[in-house]
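The values are calculated or read from the model by the stated rules, or taken from the named source; none is laboratory data. Please read all numbers here as calculations on a predicted model, not as lab measurements. Quick reminder, even Gly has a Cβ in these numbers, built from the backbone with ideal geometry, and neighbours come from all protein chains shown.
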Amino acid sequence: MKVILIFIDWFTPGFKAGGPVSSNANMIAHLAGEFNFKVVTRNTDYTENIPYPELTPDNWCNQDGFEGFYISRPNLKFSTLKKLLKDTACDVVYINGIYSWYFSVLPLFLAKKTKKPVIVSARGMLSSHALGVKSFKKNLFIRMAKFMGLYKNVVFHATNEEEALAIRKLLGENTEIKVAPNLPKKMPSVLPQKQKQPGTLNLISITRISPEKNTLFSLQVLKELASKLPEDIQLTYDIYGPVYNGDYWAQCKEVIQSLPQNIRVNYQGSIAPHKLPAVISKAHFLFFPTRGENFGHTILESFQCGCPVIISDHTPWRNLEETGVGWDIPLNQPGRFVEVIEYCAAMGQEEYNDMSQRAFDYAKQVTGDPEVVEANRRLFEVPIAIGSRKS
């Protein structure tokens, strides 16, 4: 059985890092019977300093579908990674992300030294919207990486053709890329039922609080909506996720405090993945005007729970209004977000039930696609070692 050695900053039982954790966990769940996955990660969750109490750090331990090596803070260093790559027999090294020193850059450098085949999953970090945040540092890193040949003889994993195009635009037309969409969680068996009366609306957001996730924009939309929404209409917006940027969150709280009583915003903190279905099932719509998603796991999970979405057009989930499962709206049209939320607030039970059922059926169609599993299986067909390929 082929051994895949994965490097990722944060992994299960952690969950606060969001998409990359879900992407890798879902991939392992689908392919664990065909590949032997070994995961190297930190022994703390994203934004946390407390180690996982149930895990022994700095040793391989058996987890559900994989072996994990959870590195403690004192041992997070070059020598630890060098020894891991030297001592761990594997067929492919699978690196998540671009900029992490200990889980992207050093593993890539060391893997190339050992001539092991490497796949780099950019996780959307080379897209134009991602490069727009802290752009100077990121573009400087990319220029240095290209100058040093860091990505020479490396295979990139893109989750869609748009991401593949962005990678080639940045790193060159000859960059070797394999396209394999992210694998979803398995579908729930029953569509959750929820009440939807005209004049009430429960919105939800599940993402980290940061500029790229556009939390402030969503709140500004609600502020603009406040002047148009009748006082007898009750709107609730529950925000789940870790605060990534304290200053940014302070701006968000200022807007929250300015909202009228009939628009309530509740910050609920982080939430464990196994609790998500119950939380999403209580909401009418996911409200997520993100500045860009490589995949958007919470979007698909919302569909799986029969929860339509109000999102930006900066995700792979497009033409949603035509499909009848939500709206994907350009960010330069905040007024359109306001109109859609007004419409959803006035929606009654029968119309909502139809839309919820369509979202659920749409998720079943996406989740059950065997070609996506096959594309991920083919991702690890990398028989040629680094150094033996032509430049």
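The figures follow:
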{"item": "Checking G292 against (1) touching a His at 6+ places or on another chain (Cβ under 8 Å); (2) modelled with pLDDT under 95; (3) crowded, with 22+ Cβ neighbours inside 10 Å, the condition it does not meet", "result": "(3)"}
{"item": "Residue match in segment 169-191 (condition: closer than 26 Å to P211 by Cα, basic (K, R), out of contact with any helix residue (DSSP H, G or I) (no Cβ under 9 Å at 6 or more places or on another chain) and without any contact (Cβ under 8 Å) to a residue 24 or more places away in the chain)", "result": "no"}
{"item": "Matching strands (runs of 3 or more DSSP E) fully within segment 35-146 where at least 1 residues are surrounded by 18 or more Cβ atoms within 10 Å (Cβ to Cβ) and out of contact with any Asp or Glu (no Cβ under 6 Å at 6 or more places or on another chain)", "result": "35-42, 66-71, 92-96, 118-121"}
{"item": "Residue among V265, V309, V279 that alone is farther than 15 Å from V221 by Cβ, in contact with a Phe, Trp or Tyr (Cβ under 8 Å, 6 or more places away or on another chain) and either surrounded by fewer than 22 Cβ atoms within 10 Å (Cβ to Cβ) or not basic (K, R) (or both)", "result": "V279"}
{"item": "Test: residue in segment 310-327 that is at positive phi, among the small types (G, A, S) and assigned to a strand (DSSP E or B)", "result": "yes"}
{"item": "Scan of segment 129-138 for residues that are within 23 Å of V179 (Cα to Cα) and either among the acidic types (D, E) or without any contact (Cβ under 8 Å) to a residue 60 or more places away in the chain (or both), ordered by number", "result": "L131"}
